[in-house]
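The values are calculated or read from the model by the stated rules, or taken from the named source; none is laboratory data. Quick caveat, the model's predicted, so the values are computed rather than measured. Note that each Cβ is placed from the backbone with ideal geometry, even for glycine, and that neighbours are counted across all protein chains shown.
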Amino acid sequence: MPTPAPDPGEVRVRILVSGFTSTDWKARKRSGASAAPLAECEIPHHDGADVIDAVGPGMSRRAARDRVWVYFAAFPNRWGTEAEYAVLPAERTRPLPESASFKFGASLGIQELTAAHCLDSRPEALRGHSILVTGGAGAVGHYAIELAHAA
């Protein structure tokens, strides 16, 4: 496939590591059908990590060569993370510190955001409370425990 180019408000991320989530295997279980049909083929996977290598016209929030992790790349978007490049809205990228590996960045995404959403995105709302996380051995449960502990 040709290398995709980002449109205004988008970035192109070179993908070194692609995460595989329950959302991805559920889509494949439906014979590869996506929730939102697209006119052309769709590259699957939502989570991944590497560096931004191109930015769309007028973009100033992110710069080429920024290390990032990405989430919801394929929703509803043609360019998921199971390819050399993913093009997605810039707001679906987050900075990845130099101290964090790309493998770690690709493991965040949907699982970490789901846990954060379930707990409440305000740490002060959790302080002083006991939290029971059922299924703490799974990816979402793991992040819920870590986020609750940090709060």
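Pairing residues of segment 103-118 that are farther than 9 Å from Gly48 by Cα with residues that are surrounded by fewer than 19 Cβ atoms within 10 Å (Cβ to Cβ) and among the acidic types (Asp, Glu), at Cβ distances under 9 Å and at least 6 apart in sequence or on separate chains, gives Glu112/Glu146; Ala115/Glu146. For the residues Ala64, Ala100, Ala54, Ala83, the requirement of being under 14 Å from Val11 (Cβ atoms) and at pLDDT 90 or above singles out Ala54. Suppose we keep only residues that are under 23 Å from Asp47 (Cα atoms) and modelled with pLDDT under 85 within segment 120-149. Which one would you say is surrounded by the fewest Cβ atoms within 10 Å (Cβ to Cβ)? Within segment 120-149, the match that is surrounded by the fewest Cβ atoms within 10 Å (Cβ to Cβ) is Ser121.
Scan segment 122-149 for residues that are assigned to a helix (DSSP H, G or I), out of contact with any Leu (no Cβ under 9 Å at 6 or more places or on another chain) and small (Gly, Ala, Ser) and the total you get is 2.
A Cβ distance below 6 Å, combined with a sequence gap of six or more or placement on separate chains, defines the contacts here; from segment 1-25, residues that are modelled with pLDDT of 90 or more reach residues that are of a type in the set (Asp, Glu) in the pairs Arg12/Asp53; Val13/Asp50; Arg14/Asp50; Arg14/Asp53; Ile15/Asp50; Leu16/Asp50; Ser18/Glu82.
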